[in-house]
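First up is the structure itself, then whatever we jot down about it.
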Amino acid sequence: MKSIISGARPQIRIRAANPWLAGHGVEPDHIPLSPADQSELARLADVITFETKGSYILTQGEPARFLYLLSDGVLMASRVLNHGDRQVVAFYWPGDLFGLAEAGSYVNSIEAITACTVLRFPVSALEAFFLKNPAIQHRFLIKAIHDLRTTQRQLIVMGRFDIARRLAVFLLDCSGHESYFDSATKIITLPMSRYDIADYLGTSAESITRAIAALEQRGLVRRVTPRAIELRPADIKSFADLA
């Protein structure tokens, strides 16, 4: 189920750390947008809510006419490979842009794994807007570079780390999102299933279960519920060689 909101609009926040500025702090950071930037971007966007988990925002192969910004909730990007298997390529959190296209079509399907709100920008209107507003265009460039750097890091993790370390890095990444991580108790509540995590980390759900058990045996995590996990971030960073 989805609905288009025509009244009050959410604040536009783009999640990215400026790679050219030193000392920007622990990620995620957000690109500063002036009230005028906010107003101009909001004018271009439809605000759409998806109230049902499992709703598809867009599907692989359909014409790419929009760029999207996630305002609230968590989304999953996946692609069906030639032999029919699903590969999860990304999880999107508030402040993330999505709608990657090739030859005029979306390359991934985007599914809501929680209720969510998205801002939908017509690509043609956004392109014309960028030509008139180079400062905002620069902010979107920062976001694109931020996402490219994140993708490169994920390739390193997938290529060099075993399953336990891949999961450790994934849990640390999830803990960077305050809506799902309690910094006082150090408990992360995962919105995605172990099957989703497995398809993202290139393994099976059973291997994810074993990896969680291995991290717990090392004293790096403690399972509170199947999806709520207490973390020891400093120790996990050392284990994953990220310290």
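The values are calculated or read from the model by the stated rules, or taken from the named source; none is laboratory data. All of these numbers come straight from a predicted model, not from anything done at the bench. No Cβ is skipped: glycine too gets one built from the backbone with ideal geometry, and neighbour counts run over all protein chains shown.
Summary of computed values
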item	result
Region 137-182 - residue that is hydrophobic (A, V, I, L, M, F, W, C) and not in a helix (DSSP H, G or I) and, of those, farthest from Val74 (Cα to Cα)	Phe161
Residue tally, condition closer than 18 Å to Leu97 by Cβ and in a loop (DSSP other than H, G, I, E, B), over region 44-58	1
Given (1) of a type outside the set (Asp, Glu); (2) more than 30 Å from Asp37 (Cβ to Cβ); (3) part of a helix (DSSP H, G or I), number of the condition Thr185 does not satisfy	(3)
Test result for Ala77, modelled with pLDDT under 95 and hydrophobic (A, V, I, L, M, F, W, C)	no
Exclusive hit being out of contact with any Ser or Thr (no Cβ under 6 Å at 6 or more places or on another chain) and either of a type in the set (Ser, Thr, Tyr) or at positive phi (or both), set Gly73, Gly99, Gly61	Gly99
Thr114, sole failed condition from (1) in a helix (DSSP H, G or I); (2) out of contact with any Phe, Trp or Tyr (no Cβ under 8 Å at 6 or more places or on another chain); (3) not small (Gly, Ala, Ser)	(1)
Of residues in region 148-165 being touching a residue at least 40 places away in the same chain (Cβ under 8 Å) and surrounded by 17 or more Cβ atoms within 10 Å (Cβ to Cβ), the one nearest to Ser204 (Cα to Cα)	Ile163
Single residue of region 89-103 satisfying the filter (out of contact with any strand residue (DSSP E or B) (no Cβ under 6 Å at 6 or more places or on another chain) and of a type outside the set (D, E, K, R)) that is surrounded by the fewest Cβ atoms within 10 Å (Cβ to Cβ)	Ala103
Count - residues of region 81-107 that are touching a Lys or Arg at 6+ places or on another chain (Cβ under 8 Å) and of a type in the set (S, T, N, Q)	1
Pairs where the first residue, in region 78-104, is assigned to a loop (DSSP other than H, G, I, E, B) and the second is modelled with pLDDT of 90 or more and surrounded by fewer than 13 Cβ atoms within 10 Å (Cβ to Cβ), C-beta under 9 Å, 6+ apart	Gly104/Pro63
Count of region 172-210 residues which are more than 19 Å from Ala115 (Cα to Cα), under 13 Å from the mean Cα position of the chain (by Cα) and surrounded by 21 or more Cβ atoms within 10 Å (Cβ to Cβ)	1
Some residue of region 128-139 being within 21 Å of Asp196 (Cα to Cα) and surrounded by fewer than 17 Cβ atoms within 10 Å (Cβ to Cβ)	no
Any hit, region 222-234, residues being assigned to a helix (DSSP H, G or I) and in contact with a strand residue (DSSP E or B) (Cβ under 7 Å, 6 or more places away or on another chain)	no
Residue check for Thr203: in a loop (DSSP other than H, G, I, E, B), touching a residue at least 12 places away in the same chain (Cβ under 8 Å) and touching a helix residue (DSSP H, G or I) at 6+ places or on another chain (Cβ under 6 Å)	yes
Conditions (1) of a type in the set (A, V, I, L, M); (2) crowded, with 17+ Cβ neighbours inside 10 Å; (3) under 24 Å from Ile4 (Cα atoms); number of the one not met by Val123	(2)
Filter result (aromatic (Phe, Trp, Tyr) and within 23 Å of Arg139 (Cα to Cα)) within region 31-87	Phe66, Tyr68
